[in-house]
Amino acid sequence: AAGTPRSVRLADGDLAAAVRAAAPVPVAAVLTGRLPVDHRHQSKVDRVALARSATRFLAGR
């Protein structure tokens with residue numbers, strides 16, 4: 001399901017390099033995957049769920 005740790009993964013090397021080259025600050029990890037949406041607004045990203053998924057992924061859980 002969108003927003004679960006399984007939906008988050010590391011970007012491939014080319015994408016990660018492009019993001020790091022374009023970013024004005026250091027980027028430790030570039031994550032890709034499906035964005036969780038707020039069930040009330042199917043076009044609005046559920047930022048809390050996204051943060052939770054990214055945190056779990058980066059912690060190795």
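Taken together, the values in this text are just the output of simple stated rules run on the coordinates, not laboratory data. A quick note: this is a predicted structure, and the numbers were derived from the prediction, not measured. All Cβ positions, glycine included, derive from the backbone under ideal geometry; neighbour counts span all protein chains shown.
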(request) Please identify, among Leu50, Leu35, Leu15, the residue showing maximal mean-square fluctuation in a Gaussian network model of the chain using a 10 angstrom Cα cutoff. (result) Leu15
(request) Quick one: among Ala49, Ala11, Ala22, which has the greatest mean-square fluctuation in a GNM of the chain with alpha-carbon springs under 10 angstrom? (result) Ala22
(message) Output wanted: per-residue J couplings in Hz (rounded whole) for the stretch 19-28, from phi through Karplus 6.51 cos²θ - 1.76 cosθ + 1.60, θ = phi - 60°, x for Gly and Pro.
(response) 5, 4, 5, 8, 6, x, 10, x, 10, 7
(request) Determine the dipole magnitude for the chain: charges of +1 sit on the beta-carbon of Lys and Arg, -1 on that of Asp and Glu, nothing else is charged, the reference point is the Cα centre, and the result goes in debye to the nearest 20. (result) 280
(request) Determine the gain in length on full extension of the stretch Lys44-Val30; use 0.36 nm per residue of separation and subtract their C-alpha separation, reporting nm with one decimal. (result) 2.9 nm
(request) Could you point to the residue in Val8, His39, Ala18 farthest towards the positive end of the chain's charge dipole, with +1 and -1 charges on the Cβ of Lys/Arg and Asp/Glu respectively? (result) His39
(request) Would you mind calculating the relative contact order of the stretch 5-58 from Cα pairs under 8 angstrom and at least 6 residues apart, reporting the percent as a whole number? (result) 39
(message) Students often get this wrong, so try it: which of (1) 46, 26, 17; (2) 36, 25, 18; (3) 45, 29, 18 is Cα extents along the principal axes in Å as calculated from the structure shown?
(response) (2)
